[in-house]
Amino acid sequence: MYRRCLHTSIRSLGKLVPTNLKGKKKSSQEWLTRQLNDPFVERAKMMNYRCRSAFKLLEIDQKYGIIKPGSVVIDCGAAPGSWSQIAVKQSNADGLNNGKPKGLVIGIDLLQIYPIEHATMMGNMDFTRPETHDKIRSMLGNRRLDVVLSDMAPNATGVRSLDQENIITLCYSVLRFAILMSSPDASLLMKIWDNAEVPILEKNIQQYYRMVKRIKPRASRSDSAENFILARGFVGAEQR
Ligand code: SAM
């Protein structure tokens, strides 16, 4: 339901080639071929994750243990929902891990999001809008965020400098919200596209967290500018 179907394929020079490419644009043909040959797409299907991005968060979380039972997690840019699926499990929002505290997961996206059990998914909402922040605040009550996730990416315009500017704007919006709403020692994980503004963003993040690190998980395509900034140990605005 959540993934585009690749109905049929043939094997050519060891590579699977979709047979339903007629009438499709070159970029769509390349996307379909890449999906068909991508081991993470296959694994995502087998493990019931809504998309391959799941493995980016899984790898980072397995290495750094950012989401713990009881964590209050916000997932910005959550559609179709694989990061929230993982957050539900790791935070024990589903309560399956008896005896461990139950977490809370809130996912937000501009797009509609199909419900995820034990998470609150808010579709058709722009994370950068103040009314979205108000809604999240009222859902949290007096709870604070332990983990702020952002896999948000703007729609590519094709103009590189504009795309870079747009993603940086999203990152600052996430950072501002994290600073206001995080609990002591919280973590922040955000997607960036590598560009000259990123070191400045990292410096700004360093003012609020003990550790800031750049990560390129294995599931992140090597030919993409995508990277993640992981910040741990939220200290607020204290002098460091
Ligand atoms: N992490 C997701 C998952 O695992 O299913 C995939 C996220 S996808 C790469 C990026 C998402 O960011 C898109 O669904 C897009 O609609 C969303 N997005 C971009 N700008 C946004 C904004 N201003 N507010 C909310 N969502 C946004």
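The values are calculated or read from the model by the stated rules, or taken from the named source; none is laboratory data. Quick caveat: nothing in here was measured; it's all calculated off a predicted structure. Note that each Cβ is placed from the backbone with ideal geometry, even for glycine, and that neighbours are counted across all protein chains shown.
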Legend entry - residue 169 vs. criteria within 19 Å of the chain's Cα centre (by Cα), within 21 Å of residue 84 (Cα to Cα) and within 15 Å of the ligand (Cβ to nearest atom): no
Inset, instruction - Would you check if there is a residue in the range 178-185 being in contact with a helix residue (DSSP H, G or I) (Cβ under 6 Å, 6 or more places away or on another chain), surrounded by 13 or more Cβ atoms within 10 Å (Cβ to Cβ) and under 24 Å from residue 85 (Cα atoms)? - result: no
Inset, instruction - Identify the single condition in (1) under 20 Å from residue 182 (Cβ atoms); (2) within 16 Å of the ligand (Cβ to nearest atom) that residue 113 does not satisfy, given that it satisfies every other one. - result: (1)
Inset, instruction - Could you check residue 128 against (1) more than 13 Å from the ligand (Cβ to nearest atom); (2) touching a residue at least 40 places away in the same chain (Cβ under 8 Å); (3) in the same structural domain as residue 191 (by TED's automatic domain parsing); (4) out of contact with any strand residue (DSSP E or B) (no Cβ under 8 Å at 6 or more places or on another chain) and say which number it fails? - result: (1)
Inset, instruction - Within the range 93-110, work out how many residues are within 15 Å of the ligand (Cβ to nearest atom) and farther than 19 Å from residue 144 by Cα. - result: 2
Inset, instruction - Could you check residue 134 against (1) closer than 24 Å to residue 200 by Cβ; (2) within 15 Å of the ligand (Cβ to nearest atom) and say which number it fails? - result: (1)
Legend entry - Boolean, residue 195 is farther than 17 Å from residue 150 by Cα and away from the ligand (no atom under 14 Å from the Cβ): yes
Legend entry - Checking residue 190 against (1) in contact with a Ser or Thr (Cβ under 6 Å, 6 or more places away or on another chain); (2) away from the ligand (no atom under 12 Å from the Cβ), the condition it does not meet: (2)
Inset, instruction - Scan 178, 219 and give me the residue that is touching a residue at least 24 places away in the same chain (Cβ under 8 Å) and touching a strand residue (DSSP E or B) at 6+ places or on another chain (Cβ under 8 Å). - result: 178
